[in-house]
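The values are calculated or read from the model by the stated rules, or taken from the named source; none is laboratory data. Values in this document were obtained by computation on a predicted structure and should not be read as measured data. Cβ coordinates were reconstructed from backbone atoms using ideal geometry, including for glycine residues, and neighbour counts include every protein chain displayed. When the accessible area is computed, the model is the full protein with side chains, heavy atoms only, and any ligands, DNA or RNA have been set aside. Shrake-Rupley method; radii C 1.70, N 1.55, O 1.52, S 1.80 Å.
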Amino acid sequence: MNKLRMRFSKTGRAIYISHLDLMATMQRAFSRAGNRLKYSEGFNPRPQISIALPLSVGCASVCELMDFQLLEEQVDITSLKDRLNATMPEGIEVQEIYEPTRKNAELKWLAIEGVFEYDDRSVDIMCNQLAAFFSRESIVIEKKTKRGFGEVDVRPSIREISFFARAGGAVALAATISAQNPTLNPDLLPASLRALCPEIAPDFAKFTRIEPYDAEMKVFR
Amino acid sequence: MDKRLERILPRVQKPARYTGGEYNQIIKNKDEVELRLAFCFPDTYEIGMSNLGMKILYKTMNSLPFVWCERAFAPWGDMYEEMKKADMPLYALESGDSLDKFDALAFSIGYEMAYTTVLDMLAMAGVPLRSADRHDLLPIVFAGGSACVNGEPMAPFMDLFVIGEGEEMNNELLTLLRRAKAEGWSKKQFLREAAHIGGVYVPGLYEIDYNPDGTVKSITPTDGAPEKVQKRIVEDLDAAPYPTDPIVPSTEVVQDKVDIELFRGCVRGCRFCQAGHIYRPIRAKKPETLIRQGIETLQNTGYEDVTLLSLSTSDYRHLTALCDGLLEYCEPRSIGLALPSLRADNFSMELMERLQRVRKTGLTFAVEGGSQRLRDAINKNVTEEELLHTCAIAFAGGWNSVKLYYMLGLPTETDDDIRGIADMADQVLHCWRENAKNKNRGVRITISTSCFIPKPHSPFQWEAQISKEEYLRRVNLLRTSITARNVTYNWHDAETSVIESALSRGDRRLGDVLEAVWRAGGRLDAWSDYFSFERWENAFASCGLDLAWYASRERGLDEVLPWDMIDVGVRRAHLVRERERCYASELSPDCRKQCSACGAAKMLHGRKCDE
Ligand code: SF4
């Protein structure tokens, strides 16, 4: 059967499943649902599945994209979604399955939401300070690379970002960040605060991917 | 999710093992159940989730509508530190609720080195360690598993033990606990009643007196407790509940595959082997049952591998029919079938040849003893001829690596027996030269030795264990006897074996030692990362107990043994006779050739073993 694309969410307890473990989890879910993934040829065959943008452990998402191929020739795509959802572990839910028309390389931006938690600091004026920080011209921080340490400017990878005070010592954020070329790991947002402006760096931060976009800011599917 | 946990998880290795939420986990409404039970495995998630007993009992206990059984495992060191820092109690994976909210904590203890982890999990749960310090009925803390055939060192901590197979017994116990909770019984009243359930051992109801030399003088049951607690078995395995929908972990565990349990018990009577004696009588499942359950489990889990489990797979009478039936399903779906613990015979080799996805690299033999005389003495029915013959077929068929496992310190072992191990390796090497199709790839022969541990309820339960110094001397003897370059020798350290020996035949005074080890930071002692021999030595010393007396002393035949209140089915007279035959280097027939009337058949109520 042709290549298919699945859009799924990974939330709740499932956010701690690593990328590699997710591959095995998917393979088993397909086989429980009565379908089999196509495998690569060779000595150590692996299921041919690829996830557009691997998600780091601890980050939630409601918009993951995974391409796969089934061994079976005739597959009812509508029922496949329900059959898969009946066999997924808690927190993984298939939203739709379709034949893709666009290449993953066209994916450029990601809308994300996040929460910054502050334990013993007032968040009243925090929003303004955070907004001011992220509207700087450049935000250069040290980053671990393959060859030791390098410097990276995260600012160009942030298309927009806004902050809202929330009850209980937290600040919510919504941002659009670069998904690839270069990839901005959302963890670099609190990391840049810790490096350059620790007074407003949160005690804990968590993120959810909301929607992928192409370079023209059209929703990518 | 708990706020503290949410902050900890991103910082620890493999966080998915601490979250629950896996496919096939059981979630119930806590307001609708009457008993909440935490099924605790005193080792890591990866080990516990690979344990067949745990998989079965999780489902059978949850089949009671009034019980919600959840799981808890021991966190690895990094998680442990984080939980301490955050002041987080141990919690159950399904609900995330801390263990002190539960009505019962049930531990599955398969090996003695897990004892300190049990204490640690109790402490992390905020539950007082000692049974005597838990005055209320709830929580009831109990344990089962093969280490509990002598659970005496854990007796001060456990309210009761379940001895034997738990499918039926655990549910009877929980039904009684439900009643006790509803009717407001005292803990004492509950324990007195529980002692009448077959297989339930309530250590607090037995008074132990000691002789001046430290040996046990007498074991006195009180309050109507039975003099002997007979282990429970499931008589008909085909009819027994067997869950074909086990939890599928979302992270890699040790055994990521479907287990098919062929039979319980063993027809061989290897004299050093505890498992071969405590799981008797042998009861096999029908191949139809196994094929049906195996296929169902594959469908319900999505696993791509099946493994046949038993103490000695080749002894399953219908192995060919079973493999044919399974392969019919597995082959077209590229599902791999593995057969561990095969014997070194032709039949097994042919079978392995037929199996898909068998990487022709490793061939493993548990030879145990270095000479025919010694193997006869321990009743290990492997001959050199058989082994070399199998190797010849294997080498000709493309295998190029052989692992040979031995024990050092077996009763009657001499230096000649040890040199015999090196000879055997030479012969295997010679056999490879004669038979290998392609010699360019070379051959790897690996010898592994571990230190023999005398185990309760085996014919060697009275035997001495050699000291660790003597073990090292024998290791060196073997090392210098090995001359061939293609032979690698690995030896396990004897320090853990010494502690295991002391614990497995220990009495309940060792409870103080366990607590002292735990207080000094001991946990996850089955892991060399965490085990400290010095910590154990210090604990013995601080409790005024002699490690060597417990570990290496030969027990007299007239001694009362600390585990004498436990009846696993095999009669003492049978063990004595087997031990005598060891000293005469006499083999005993296996159960199929001739029943030795070991006593275990009585549990089948008129049916025959292995029918
Ligand atoms: S009663 Fe006989 S056949 Fe049954 S386990 Fe004992 S020795 Fe073997």
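Residues that are within 14 Å of the ligand (Cβ to nearest atom), touching a residue at least 24 places away in the same chain (Cβ under 8 Å), over 15 Å from residue B:337 (Cβ atoms) and crowded, with 22+ Cβ neighbours inside 10 Å are absent from the range B:239-251. Would you confirm whether any residue within the range B:382-400 is open to solvent by less than 10 Å² (accessible area, probe 1.4 Å) and touching a Ser or Thr at 6+ places or on another chain (Cβ under 8 Å)? Within the range B:382-400, one or more residues are open to solvent by less than 10 Å² (accessible area, probe 1.4 Å) and touching a Ser or Thr at 6+ places or on another chain (Cβ under 8 Å).
When the residues of the range B:572-611 are filtered to those that are more than 14 Å from the ligand (Cβ to nearest atom) and either farther than 22 Å from residue B:380 by Cβ or among the charged types (D, E, K, R) (or both), the one that is nearest to the chain's Cα centre (by Cα) is B:579. Number of residues in the range A:8-20 that are facing chain B (nearest Cβ under 8 Å) and open to solvent by less than 30 Å² (accessible area, probe 1.4 Å): the value is 3. Elements of the type helices (runs of 4 or more DSSP H) sitting completely within the range B:255-341 and holding at least 1 residues that are within 16 Å of the ligand (Cβ to nearest atom): these cover B:275-278. Looking at the structure I just gave you, is residue B:248 touching a Lys or Arg at 6+ places or on another chain (Cβ under 7 Å) and within 14 Å of chain A (Cβ to nearest Cβ)? Criteria met by residue B:248. Taking the range A:167-203 as the range and being in contact with a Leu (Cβ under 8 Å, 6 or more places away or on another chain), open to solvent by 20 Å² or more (accessible area, probe 1.4 Å) and more than 26 Å from residue A:52 (Cβ to Cβ) as the test, no residue passes.
Does any residue of the range B:32-44 turn out to be in a strand (DSSP E or B), within 14 Å of chain A (Cβ to nearest Cβ), under 30 Å from residue B:308 (Cα atoms) and at pLDDT 95 or above? Checking the range B:32-44: not a single residue is in a strand (DSSP E or B), within 14 Å of chain A (Cβ to nearest Cβ), under 30 Å from residue B:308 (Cα atoms) and at pLDDT 95 or above.
When the range B:514-532 is filtered for residues that are of a type in the set (A, V, I, L, M) and closer than 13 Å to residue B:113 by Cβ, the ones remaining, listed by number, are B:514, B:517, B:524, B:526.
Is it the case that the range B:46-61 has a residue that's in contact with a Ser or Thr (Cβ under 8 Å, 6 or more places away or on another chain) and without any contact (Cβ under 8 Å) to a residue 40 or more places away in the chain? No.
Checked across the range B:113-122, the condition of being surrounded by fewer than 20 Cβ atoms within 10 Å (Cβ to Cβ) and touching a residue at least 40 places away in the same chain (Cβ under 8 Å) holds for no residue. Of the set (1) buried (at least 16 other Cβ atoms within 10 Å of the Cβ); (2) free of Cβ contacts under 8 Å to residues at least 60 places away in the same chain; (3) more than 24 Å from residue B:79 (Cα to Cα), all apply to residue B:10 but (3). Put simply, of A:77, A:112, A:51 the only residue that is at pLDDT below 90 and away from every other protein chain (no Cβ under 14 Å) is A:77. Listed conditions (1) away from chain B (no Cβ under 13 Å); (2) without any contact (Cβ under 8 Å) to a residue 40 or more places away in the chain are all met by residue A:23, apart from (1). Can you confirm whether residue A:42 is more than 12 Å from every other protein chain (Cβ to nearest Cβ), at positive phi and small (Gly, Ala, Ser)? Yes; evaluated as a whole, the condition is true for this residue.
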